[in-house]
Structure formats: structure tokens, C-alpha cells
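The values are calculated or read from the model by the stated rules, or taken from the named source; none is laboratory data. What you see is a predicted model, and the numbers here were worked out from it, not measured in a lab. In this analysis, Cβ positions are derived from the backbone assuming ideal geometry, glycine residues included, and neighbour counts consider all displayed protein chains.
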Amino acid sequence: MSFVKTQEYIEKMKGFTPSFYDAESLSVFWLTTSEIITRLLPPPLKPAEDPLVWGFVANYPRTNFGVTYLESALLLEAS
């Protein structure tokens, strides 16, 4: 699967709505210190006023588009 999509593919996919069956996910939010966020962010990003972190993990064992996958993310609030 490529991230580059042809115009033909884009036209074919108009109106398609993905469905996820038996999905499991967990989200956790917490506050940390600005110093930790500063070490993790690439320049020129700076920590937001409230150093909020969001951790996310998910299992998608069945979809209507033929792909099963695991997903995770660590999101940092920045300015």
C-alpha cells in the first residue's frame, strides 16, 4: 500500500466509509513537565502552557477494507 494515491484511486474511493469490527483501544491522558516535552519536541515546537500527553494503543482485528492492524501514538500538546 502506498501513501501516494492516483487521481483514479481517489475518484474510486469517494464516498467509501471504513468500518472497524471488534476494535479495542485504550487512551490515557496525563500531565508531565515542560522540560520533558521540550526534550521530545523537534525545534521550533515548544511545549503548550499545560504539558498534556496523550497515549493511545489500538487493535483493529477486522475491517471492511481488508487490512488488520495495530496502532499506537504518543501525542504531545505543543505550540
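Which one is nearest to ALA23 (Cα to Cα), of the residues in region 60-79 that are not in a strand (DSSP E or B) and not aliphatic (A, V, I, L, M)? The qualifying residue nearest to ALA23 (Cα to Cα) is PRO61.
Restricting attention to region 49-63, which residues are among the small types (Gly, Ala, Ser) and loosely packed, with under 14 Cβ neighbours inside 10 Å? Steps first, please.
Initial filter on region 49-63 (among the small types (Gly, Ala, Ser)): 55, 58.
The one that is among the small types (Gly, Ala, Ser) and loosely packed, with under 14 Cβ neighbours inside 10 Å: GLY55.
Among the hydroxyl-bearing types (Ser, Thr, Tyr) and in contact with a strand residue (DSSP E or B) (Cβ under 9 Å, 6 or more places away or on another chain): is that true of SER2 in this structure? Break it down stepwise before answering.
Working: among the hydroxyl-bearing types (Ser, Thr, Tyr): yes; in contact with a strand residue (DSSP E or B) (Cβ under 9 Å, 6 or more places away or on another chain): no.
When the stated conditions are applied, SER2 does not pass them.
Selection of region 52-74 for residues being within 30 Å of GLU35 (Cβ to Cβ), modelled with pLDDT of 95 or more and of a type outside the set (D, E, K, R) yields VAL53, TRP54, GLY55, PHE56, VAL57, ALA58, SER72, ALA73, LEU74. Considering only residues that are without any contact (Cβ under 8 Å) to a residue 24 or more places away in the chain and either among the aliphatic types (A, V, I, L, M) or surrounded by 10 or more Cβ atoms within 10 Å (Cβ to Cβ) (or both), which ones fall in region 17-34? Selection gives LEU31, THR32, THR33, SER34. Within region 60-78, residues that are within 30 Å of GLU49 (Cα to Cα) have Cβ atoms under 7 Å from residues that are surrounded by 10 or more Cβ atoms within 10 Å (Cβ to Cβ) and of a type in the set (Phe, Trp, Tyr) in these pairs: GLU71/TYR60; SER72/PHE56; ALA73/PHE56; LEU75/TRP54, counting only partners at least 6 apart in sequence or on another chain.
Within region 37-77, being over 27 Å from GLY15 (Cβ atoms), more than 18 Å from the chain's Cα centre (by Cα) and small (Gly, Ala, Ser) holds for one residue alone: ALA48. On the stretch given as region 1-59, residues that are part of a loop (DSSP other than H, G, I, E, B) and more than 23 Å from LEU74 (Cβ to Cβ) total 12.
Kindly indicate which of LYS5, LYS46, LYS14 is out of contact with any Phe, Trp or Tyr (no Cβ under 6 Å at 6 or more places or on another chain), free of Cβ contacts under 8 Å to residues at least 24 places away in the same chain and surrounded by 10 or more Cβ atoms within 10 Å (Cβ to Cβ). Before the answer, list the steps.
Working: LYS46 fails: free of Cβ contacts under 8 Å to residues at least 24 places away in the same chain; LYS14 fails: surrounded by 10 or more Cβ atoms within 10 Å (Cβ to Cβ).
The unique qualifying residue is LYS5.
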